[in-house]
Amino acid sequence: MRKNWVSALDNYYSLLGVNHTASFQDIKKAFREKAKQIHPDIAGTVTAQGILAEDEMRRLLNAYEVLSDQNRRSEYDQAYGRFVGTYRFDYRTFLREQPEDGASQAKLIFFELLHLEYEEALKIWEARGGLDFPLEQYLEREDWMDCAFILAEELDKRQRYYEAFMLLVTLVREERRRPYFRHFMPDVETFLKELVRLRLKTAVDAETYLECMEILMELRFPPKDEARWLRSMAETLVHMGDLQTAQGIFREALRRDPALSNVMQLRRKLNV
């Protein structure tokens, strides 16, 4: 998420303590020495600079993995030069000149987001298919997740709630599979819950809303959250005239949270 944008701008050479002409052996040696210094057994859980050792190690690994790979190192040198103005290489133009290359366009979307060019990023994302554009296939996992979160924020601001919802669901599902956001995940989940509670229902048709709720239920949230969503599903089904299905779902909501609020009308309508 936005708190991790700095990772995209890290000077990997400075992190490892080597210069731009360092050989692979120099980089490998520097990595080993730095890793020893920030190992939890030596630095503790927090380094002398007040940075979590785990986070510092992740940054160090990122630097080593990029600079020890010739192709990735070349691409990094060009991209970083564009970010800090060290080189005259125009990274944005380089990516724009490859409109048929999915990887270049995914990187361009992320680049524009990092530079606060939200409208341009959304325009490119839409041109590539929006939700159907597989960002995860073209970006590093962390960049993809950061990119998806920022896109969701911008879509939410533009009242494009369904697209924002689907991106957030993808992030939560991936985070459950293998954590990345960690300390920031409650913010992501709160964003998703507020979107569902306050905005999504009036932005989509009833059937789409029910589909969204079914997707949400698959993510294994706490029972009280699920009870509220089931209650909302039951209310929607009542409006659609499907009282039998609504009754079953409402009973399931009460099973998850017997103290569920705002249920008197449903009880009367469904005779529960």
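What the table shows:
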item	result
Residue in region 167-181 that is touching a residue at least 60 places away in the same chain (Cβ under 8 Å) and open to solvent by less than 60 Å² (accessible area, probe 1.4 Å) present	yes
Region 152-165: number of residues that are buried (at least 22 other Cβ atoms within 10 Å of the Cβ) and either out of contact with any Cys (no Cβ under 7 Å at 6 or more places or on another chain) or closer than 25 Å to residue 99 by Cβ (or both)	3
Hits in region 182-197 - residues which are open to solvent by less than 10 Å² (accessible area, probe 1.4 Å) and under 17 Å from residue 118 (Cβ atoms)	none
Selection count where residues are farther than 12 Å from residue 231 by Cβ and among the aliphatic types (A, V, I, L, M), scope region 243-258	1
Scan of region 200-225 for residues that are part of a helix (DSSP H, G or I) and among the aliphatic types (A, V, I, L, M), ordered by number	200, 206, 210, 213, 215, 216, 217
Filtered residues of region 95-151 (kept if crowded, with 17+ Cβ neighbours inside 10 Å, within 22 Å of residue 191 (Cβ to Cβ) and charged (D, E, K, R))	112, 143, 146
Residue in region 223-272 that is most open to solvent (accessible area, probe 1.4 Å), counting only those that are in contact (Cβ under 8 Å) with a residue 12 or more places away in the chain and among the small types (Gly, Ala, Ser)	232
Hits in region 57-93 - residues which are within 29 Å of residue 129 (Cβ to Cβ), modelled with pLDDT of 85 or more and surrounded by 14 or more Cβ atoms within 10 Å (Cβ to Cβ)	66, 92
Filtered residue count, region 112-135, keeping only those that are touching a residue at least 24 places away in the same chain (Cβ under 8 Å) and in a helix (DSSP H, G or I)	9
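Here is a yes/no grid of residues against (1) outside any helix (DSSP H, G or I); (2) farther than 30 Å from residue 247 by Cβ:
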residue	(1), (2)
167	no, yes
171	no, yes
179	yes, yes
227	no, no
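The values are calculated or read from the model by the stated rules, or taken from the named source; none is laboratory data. Keep in mind that what you see is a predicted model, and the values were worked out from it rather than measured. For neighbour counting, all protein chains shown are included, and Cβ atoms are generated from backbone atoms with ideal geometry for every residue, glycine included. The accessibility values were calculated without ligands, DNA or RNA, using every heavy atom of the protein model including side chains. Shrake-Rupley method; radii C 1.70, N 1.55, O 1.52, S 1.80 Å.
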